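Please treat every number below as a calculation from the coordinates, not as lab data. All figures in this text were calculated on a predicted structure; none of them were measured in a lab. Please note: Cβ atoms are built from the backbone with ideal geometry, for glycine as well, and neighbour counts cover all protein chains shown.
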Amino acid sequence: MSWTSDPILVVDGLVKRFGGNVAVNQATLEVGRGTIVGLIGINGAGKSTLMNCIAGMYRADEGRVEFDGQNLIGLTPHEIAAAGIGRTFQVPRTFERLTLIDNLMIPMLNRPESEDELIALAEAGLAEVNLHDLKMNNGEELSGGQQKLLELARVMMLEPKLILLDEPFAGVNPTLCTLITDKILQMKEAGISFLLVSHDLTSIYRLSDHIYVLNQGEVICEGGVDDIRDDPKVVEAYLGG
Ligand SMILES: Nc1ncnc2c1ncn2[C@@H]1O[C@H](COP(=O)(O)OP(=O)(O)O)[C@@H](O)[C@H]1O
Ligand SMILES: [Mg+2]
């Protein structure tokens, strides 16, 4: 039985191999509409690979991915983004030599609005993540945490229904972590769904409605925060090595 009666994303039996290495092994999970789902696991567990399969950067070897009833297997990353899935990267993809305004305008280049309208949208996006004062600065001047915020703003520009966040707190100072956490919760309030990948259990426990634990590519358990926190399999996966 599934934990959610209204899944916006269904991943079923997903397998991704790199040569003989099975990075994702029969992974099955669901994201409920309007919820935050945490995906945890130690380094190398397969979290980013699973995310890359959902986003179309990698082609899954087996399995099914459905978003809002639509099959995503075989679609390009661009088509998947257009369908309503936004994503951030573990290592932020900042355009270092472009201003923050231009960084946000890149994903909107095909839109019908005038340039002035797009600039206004980009400025509003920067204000949302407290980066408006730096709008004419170049991407290379941002700290790691500020780059994570910029990615979040950039993803929001496309008005996604589901956002895949890969390690949004990694290398981010506590103040910016709080800002990112608040932003995620605000977006959830607005109806956006999240798949949140992190090895940082504190943030995951704070934010998640439901959690899946990945170990060597397999989902070894799932449940609410209280279930996962006390599950011996999770403790073993994290500490037992
Ligand atoms: N592009 C790739 N080519 C070959 N192996 C990869 C590639 N990406 C990931 N892997 C392997 O897949 C496994 C899972 O990696 P990854 O998904 O990055 O884990 P996580 O994000 O949980 O730290 C690891 O063994 C890793 O070495
Ligand atoms: Mg990763």
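Criterion first (without any contact (Cβ under 8 Å) to a residue 60 or more places away in the chain and either over 30 Å from R206 (Cβ atoms) or within 20 Å of the chain's Cα centre (by Cα) (or both)) does L152 satisfy it? Considered against the rule, which asks whether it is without any contact (Cβ under 8 Å) to a residue 60 or more places away in the chain and either over 30 Å from R206 (Cβ atoms) or within 20 Å of the chain's Cα centre (by Cα) (or both), L152 comes out as no.
Does any residue of the stretch 100-107 turn out to be surrounded by 13 or more Cβ atoms within 10 Å (Cβ to Cβ), touching a helix residue (DSSP H, G or I) at 6+ places or on another chain (Cβ under 6 Å) and in a loop (DSSP other than H, G, I, E, B)? No.
Would you say I73 is surrounded by 14 or more Cβ atoms within 10 Å (Cβ to Cβ) and free of Cβ contacts under 8 Å to residues at least 60 places away in the same chain? The answer is yes for I73. Among the conditions (1) of a type outside the set (D, E, K, R); (2) within 16 Å of ligand 1 (Cβ to nearest atom); (3) within 27 Å of G145 (Cβ to Cβ), I101 misses just one, which is (2).
State all residues of the stretch 108-129 that are surrounded by fewer than 20 Cβ atoms within 10 Å (Cβ to Cβ) and of a type in the set (A, V, I, L, M); if no residue qualifies, say none. Let's see the steps before the verdict.
So the first thing to find is which residues in the stretch 108-129 are surrounded by fewer than 20 Cβ atoms within 10 Å (Cβ to Cβ), and the list is 108-121, 123-124, 127-128.
Listed by number, the residues that qualify are M108, L109, L118, I119, A120, L121, A124, A127.
Residue by residue, here is whether (1) within 16 Å of ligand 2 (Cβ to nearest atom); (2) charged (D, E, K, R); (3) loosely packed, with under 13 Cβ neighbours inside 10 Å holds:
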position	(1), (2), (3)
L164	yes, no, no
L176	no, no, no
D182	no, yes, yes
G191	no, no, yes
A237	yes, no, no
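Applying the selection to the stretch 194-237, what residues are touching a Gly at 6+ places or on another chain (Cβ under 6 Å) and under 16 Å from L152 (Cα atoms)? Listed by number, the list holds a single entry, L196. Reported count of residues in the stretch 85-99, each being part of a loop (DSSP other than H, G, I, E, B) and either acidic (D, E) or farther than 16 Å from M51 by Cβ (or both), is 5.
Identify all residues within the stretch 45-65 that are in contact (Cβ under 8 Å) with a residue 40 or more places away in the chain, more than 22 Å from I204 (Cα to Cα) and within 16 Å of ligand 2 (Cβ to nearest atom); write none if there are none. Correct list: Y58 only.
Please tell me if V15 is buried (at least 23 other Cβ atoms within 10 Å of the Cβ) and more than 16 Å from ligand 2 (Cβ to nearest atom). Against the criterion (buried (at least 23 other Cβ atoms within 10 Å of the Cβ) and more than 16 Å from ligand 2 (Cβ to nearest atom)), V15 does not qualify. Among residues of the stretch 28-44 being buried (at least 24 other Cβ atoms within 10 Å of the Cβ) and small (G, A, S), the one that is farthest from ligand 2 (Cβ to nearest atom) is G38. Among the candidates E167, E151, the residue that is of a type in the set (D, E) and within 16 Å of ligand 1 (Cβ to nearest atom) is uniquely E167. The set of residues in the stretch 130-162 that are in contact with a Lys or Arg (Cβ under 9 Å, 6 or more places away or on another chain) and surrounded by fewer than 14 Cβ atoms within 10 Å (Cβ to Cβ) contains only E140.
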